[in-house]
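Data first, discussion second: the structure below is written as structure tokens.
None of the figures in this text is laboratory data; all of them are computed from the coordinates on show. None of these values were measured; they are calculated from a predicted model. Cβ placement follows ideal geometry from the backbone for every residue including glycine, while neighbour counts extend to all protein chains displayed.
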């Protein structure tokens, strides 16, 4: 079973995503020199995230690529528009999957087998919160280890 973390009540998803990615990248696993992160979300969101990953910090370098790029296979942070995207299956790596969208993946078991950690980022938007609740219930019903990090005080 995968560990699934819900980061809820997030005011600014792109900025929060950047900070979370930076934190994950700064804490490598003992058996790996670098973490590999896949971010799944809408094209519009990922475009904004792409821009912010380059600009949100003057001192951090967060190398990233779109899943369809030729060099994505060698890049530690990969942006993918859909759980069904062929480029997601083509990636040989994946330590952490960050989901910033609303849809529940069709094959949670396959994702959980591939990614030991899944992070769901849920904003303060009511529709996003409701979709997050549905995903939480689905993961719980499948027996995954769930953790919630309420960001309302941030």
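Among rounded, prolate and oblate, which fits the stretch 45-154 when a ≥ b ≥ c are the square roots of the eigenvalues of its C-alpha gyration tensor, a/c under 1.5 means rounded, and a/b larger than b/c means prolate? Don't skip to the end; give the middle numbers.
Details: a/c = 1.90, a/b = 1.23, b/c = 1.55.
Oblate shape, in that a/c is at least 1.5 and b/c is the bigger or equal ratio.
Short-range pairs are left out: with C-alpha atoms under 8 Å and at least six residues apart, the relative contact order of the chain is 41 percent. Among beta bridges from DSSP that stay inside the chain, the antiparallel ones total about 0%. For the residues 76, 92, 105, a GNM of the chain with alpha-carbon springs under 10 Å puts the largest fluctuation on 92. Measuring r between the beta carbons of residue 1 and residue 103 and using R0 = 25 Å, the FRET efficiency lands at 0.75. For the pair residue 133 and residue 61, label points projected 7 Å from Cα toward Cβ lie 4.5 nm apart.
Here the simple spin-label model places points 7 Å from the Cα toward Cβ, and for residue 47 and residue 140 these points are separated by 3.7 nm. Taken along the Cα-to-beta-carbon direction at a fixed 7 Å, the label points for residue 22 and residue 70 span 3.2 nm.
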